[in-house]
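Take a look at the structure below.
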Amino acid sequence: MIDLEHIHRDFQVGDQFVHALDDVTLHIDAGDYVSIMGPSGSGKSTLLNIIGLLDRPTGGTYRLNGRDVTDLSDAEQAHVRNREIGFVFQAFHLVPRLTAFENVELPLILAGMEPAERQERVREALEAMGLTARARHKPDQLSGGQRQRVAIARATVTRPNVILADEPTGNLDHTSGGEVVRTLEALNAQGIALIVVTHDPLVGERARRQLHMLDGRLHRDVSGHAPA
Amino acid sequence: MRLHSRDAAVFAWGALRGYPARTGLMLLAMAIGVAAVVVLTALGEGARRYVVGEFSALGTNLLIVIPGRSETGGFSPSTLMGETPRDLTIADAEALTRSVNVRRVAPLNVGQSEVSWGGRSREVVIIGATHEYLAIRKWKLGQGQFLPVAKWDRAIPVAVIGGRIRREIFGPHRALGEWLRIGDRRYRVVGILASKGRSIGVDVEDLVIIPVASAQQLFNTPSLFRILVEARSREAIAPAKRFVIETLQRRHQGVKDVTVITQDAVLATFDKILGALTYAVGGIAAISLAVAGILIMNVMLVAVSQRTAEIGLLKALGASRQEITVLILTEAGLLSATGALGGLLLGLLGNGLIRRVLPVLPAQTPLWALLSAIGVAVLTGLLFSILPARRAARLDPVLALSRR
Ligand SMILES: Nc1ncnc2c1ncn2[C@@H]1O[C@H](COP(=O)(O)OP(=O)(O)OP(=O)(O)O)[C@@H](O)[C@H]1O
Ligand SMILES: [Mg+2]
């Protein structure tokens with residue numbers, strides 16, 4: 001599903017180049033469960049952002065579902081993000097003035113879906129996260145775990161093929177973090193590919209496939225672990 | 001673009017309501033700008049209508065003959081001053097009655113003199129006129145009669161007085177039939193003007209009218225201040241004017257030494273001046289709209305940087321640059337349209353207030369001003385939001401989302 005070939009991402013800082021990604025070649029199957037680990041600054045977020053089409057590589061090609069998406073226009077990339085990819089962020093990134101329902105509705109509004117259909121989809125997504133009772137709550141009326149589940153509902157409401165989660169448990173305590181991980185794994189069990197960047201080895205080791213990064217390179221690629 | 005404009009409007013409206021203080025301030029700035037345009041143009045238009053109304057009341061078929069030739073032949077302050085190279089006479093005025101295009105002629109003299117009766121006295125404007133003068137000025141008589149129909153060169157000792165003169169000189173006493181002293185002569189009061197009549201530059205309450213020949217004696221002059229000629233109709237104005245000029249040229253040994261102002265020309269001049277004034281005042285008020293536009297730009301820039309994470313998120317969720325631009329512009333458009341509408345209401349309210357306080361001034365904003373105020377407001381709002389919108393559209397989503 002995801003094909004990265006010789007991906008480079010250089011940042012220019014002053015007159016120096018930082019090689020955030022240095023010749024990364026990576027294939028990820030549809031429906032896979034992948035964790036990305038590694039020290040701070042090793043390029044985990046950069047890799048995830050390129051997979052999510054939030055960032056463009058400075059070299060290499062990226063194929064998504066067989067289609068070369070490396071040089072798509074801004075509008076085309078936005079469309080792909082909307083249709084194929086769900087994001088879950090460490091900082092949740094819920095719009096504070098909108099209710100849980102309205103936050104989840106956002107990607108469908110951007111997709112140009114009709115209101116009646118939207119309502120149905122949002123209700124389903126919130127129900128799947130066990131948040132039906134919280135639909136009218138604003139983010140500041142929700143716990144951290146609930147906020148992240150709203151964010152997950154938002155990521156899944158468009159029925160994407162892949163969910164990209166950058167340290168989804170980073171702002172959560174152990175209990176609600178575990179809950180969020182199990183929620184994501186449940187989605188993966190339904191066939192959505194899951195890519196999680198994490199610092200927490202306990203979280204990372206649950207993945208079927210574990211990638212370790214070092215200095216912008218894929219350092220280790222461990223497969224075969226069954227989720228515990 | 002997949003985003004529906006209706007959804008964009010709802011989202012933008014929510015964003016505006018999310019920051020009530022900022023939104024309120026912007027609305028106020030826009031509203032004040034629009035209200036200023038509405039009220040100021042209403043004042044200009046009101047002044048124009050007031051003057052036009054006054055002139056119409058005076059009769060637009062009027063020709064004013066002034067001794068002395070003005071260069072332009074039009075209306076200018078120096079012609080109104082009536083500098084005299086060759087005098088107009090009562091005989092000149094009589095000659096002007098002999099045309100089918102002329103309905104009435106009134107020779108005029110004006111001066112100031114002391115008026116007294118029974119020990120009370122005061123300085124008053126004295127007008128020397130004829131019987132026709134009342135009809136030409138469209139004034140009304142309160143009591144008695146106006147100057148009698150008589151040969152114009154007969155100095156009959158009668159006077160018609162204004163309401164205030166009657167009150168202040170005669171007090172509780174009967175004025176009609178009394179002998180009023182003007183200068184060193186005495187005149188019998190035959191009529192009192194009704195106080196209702198209004199006229200530009202003349203206070204009907206505060207004058208005394210005597211026959212023109214009497215005024216010539218009183219002021220010791222053989223000449224006239226001017227001659228009023230009323231044309232028979234609007235169409236008769238031009239031929240009447242030609243007739244007046246030719247007649248007087250003939251009578252003055254072939255010298256064209258008079259100026260004829262048509263009431264029409266004066267009116268047109270005032271109309272033009274006041275119309276231009278309305279545009280100017282409207283334009284000045286529109287500057288406040290531009291200021292409001294700049295304010296909107298600043299506020300939208302702040303809004304964009306304040307909502308960086310939100311914009312980054314929208315991009316992650318599938319908003320293209322174009323959609324972000326549309327969202328920001330929708331926000332600005334809603335803001336300025338709402339502000340403009342509020343300003344419209346405020347301005348119309350102000351107009352109502354002015355009409356109540358100054359009933360003589362028909363303060364009403366012309367339609368062009370209403371439409372352009374709203375148009376300019378919305379346009380500046382949008383125009384000044386292009387920069388913030390582009391900035392938002394160009395935000396790097398990775399940086400936008402990583403900033404806490
Ligand atoms: N916008 C940028 N400009 C310059 N350098 C950048 C930029 N973004 C990332 N980098 C650099 O690229 C490298 C990889 O950054 P990245 O954020 O991918 O690391 P990371 O593995 O996610 O780290 P962490 O675990 O701390 O989140 C780092 O050296 C970082 O300083
Ligand atoms: Mg990171």
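The values are calculated or read from the model by the stated rules, or taken from the named source; none is laboratory data. Remember, predicted model here, so these are calculated numbers, not experimental data. Every residue, glycine among them, receives a Cβ derived from its backbone with ideal geometry; neighbour counts consider all protein chains shown. When the accessible area is computed, the model is the full protein with side chains, heavy atoms only, and any ligands, DNA or RNA have been set aside. Shrake-Rupley method; radii C 1.70, N 1.55, O 1.52, S 1.80 Å.
Given the conditions (1) closer than 25 Å to A:E105 by Cβ; (2) under 27 Å from the mean Cα position of the chain (by Cα), which single one is not true for B:V326?
Among (1) closer than 25 Å to A:E105 by Cβ; (2) under 27 Å from the mean Cα position of the chain (by Cα), B:V326 violates only (2).
Need the failing condition index for A:V13 against (1) surrounded by 16 or more Cβ atoms within 10 Å (Cβ to Cβ); (2) without any contact (Cβ under 8 Å) to a residue 12 or more places away in the chain, just the number.
(1)
Give just the number: which of (1) small (G, A, S); (2) over 26 Å from B:R2 (Cα atoms); (3) at pLDDT 95 or above does A:G14 not satisfy?
The one condition A:G14 does not meet is (3).
Please pick out the residue among A:G66, A:G52 that is more than 10 Å from ligand 1 (Cβ to nearest atom) and either buried (at least 20 other Cβ atoms within 10 Å of the Cβ) or aromatic (F, W, Y) (or both).
The unique qualifying residue is A:G52.
Just give me the residues in region A:135-175 being in a helix (DSSP H, G or I) and either within 16 Å of ligand 1 (Cβ to nearest atom) or over 17 Å from A:H93 (Cα atoms) (or both), in sequence order.
Across region A:135-175, the qualifying residues are A:H174, A:T175.
For A:R9, are the conditions met, namely being within 14 Å of chain B (Cβ to nearest Cβ) and either within 19 Å of the chain's Cα centre (by Cα) or within 10 Å of ligand 1 (Cβ to nearest atom) (or both)?
Taking the combined requirement at face value, the residue satisfies it.
What strands (runs of 3 or more DSSP E) lie completely within region B:89-172 and have 3 or more residues being at pLDDT 90 or above, assigned by TED's automatic domain parsing to the domain that holds B:V208 and surrounded by 18 or more Cβ atoms within 10 Å (Cβ to Cβ)?
Hits in region B:89-172: B:102-117, B:120-129, B:158-161.
May I ask you to list the residues in region B:305-337 that are more than 7 Å from every other protein chain (Cβ to nearest Cβ) and of a type in the set (S, T, Y)?
B:S305, B:T308, B:T325, B:T330, B:S336
Tell me, which strands (runs of 3 or more DSSP E) lie completely within region B:190-271 with 1 or more residues that are farther than 19 Å from B:E132 by Cα and more than 26 Å from the chain's Cα centre (by Cα)?
B:258-262
Regarding B:I311, is this residue aliphatic (A, V, I, L, M) and free of Cβ contacts under 8 Å to residues at least 12 places away in the same chain?
no
So which residues in region A:83-102 are within 8 Å of another protein chain (Cβ to nearest Cβ) and crowded, with 24+ Cβ neighbours inside 10 Å?
Once the filter is applied, which keeps residues that are within 8 Å of another protein chain (Cβ to nearest Cβ) and crowded, with 24+ Cβ neighbours inside 10 Å, region A:83-102 yields only A:F87.
Can you find a residue in region A:169-190 that is surrounded by fewer than 19 Cβ atoms within 10 Å (Cβ to Cβ), away from ligand 2 (no atom under 16 Å from the Cβ) and among the β-branched types (V, I, T)?
yes
Just checking, how many residues over region B:6-22 are more than 10 Å from chain A (Cβ to nearest Cβ), under 20 Å from A:P139 (Cβ atoms) and free of Cβ contacts under 8 Å to residues at least 40 places away in the same chain?
1
Kindly state which helices (runs of 4 or more DSSP H) lie completely within region B:285-383 and contain at least 1 residues that are in contact with a Gly (Cβ under 6 Å, 6 or more places away or on another chain) and open to solvent by 50 Å² or more (accessible area, probe 1.4 Å).
The helices (runs of 4 or more DSSP H) meeting that bar are B:367-383.
Looking only at region A:34-63, which residues are more than 11 Å from ligand 2 (Cβ to nearest atom) and among the hydroxyl-bearing types (S, T, Y)?
Within region A:34-63, A:S35, A:T58, A:T61, A:Y62 qualify.
Would you mind telling me which numbered condition in (1) at pLDDT below 90; (2) of a type in the set (K, R); (3) more than 16 Å from ligand 1 (Cβ to nearest atom) B:R390 fails?
Just one mismatch for B:R390, condition (1).
Checking the conditions here, which among B:L25, B:L16 is among the hydrophobic types (A, V, I, L, M, F, W, C) and out of contact with any Leu (no Cβ under 7 Å at 6 or more places or on another chain)?
So the residue among B:L25, B:L16 that is among the hydrophobic types (A, V, I, L, M, F, W, C) and out of contact with any Leu (no Cβ under 7 Å at 6 or more places or on another chain) is B:L25.
Restricting attention to region B:384-401, and to residues there that are away from chain A (no Cβ under 14 Å) and surrounded by 19 or more Cβ atoms within 10 Å (Cβ to Cβ), which single residue is farthest from A:D55 (Cα to Cα)?
It comes out as B:F384.
So, in region A:134-168, how many residues would count as being surrounded by 21 or more Cβ atoms within 10 Å (Cβ to Cβ) and hydroxyl-bearing (S, T, Y)?
2
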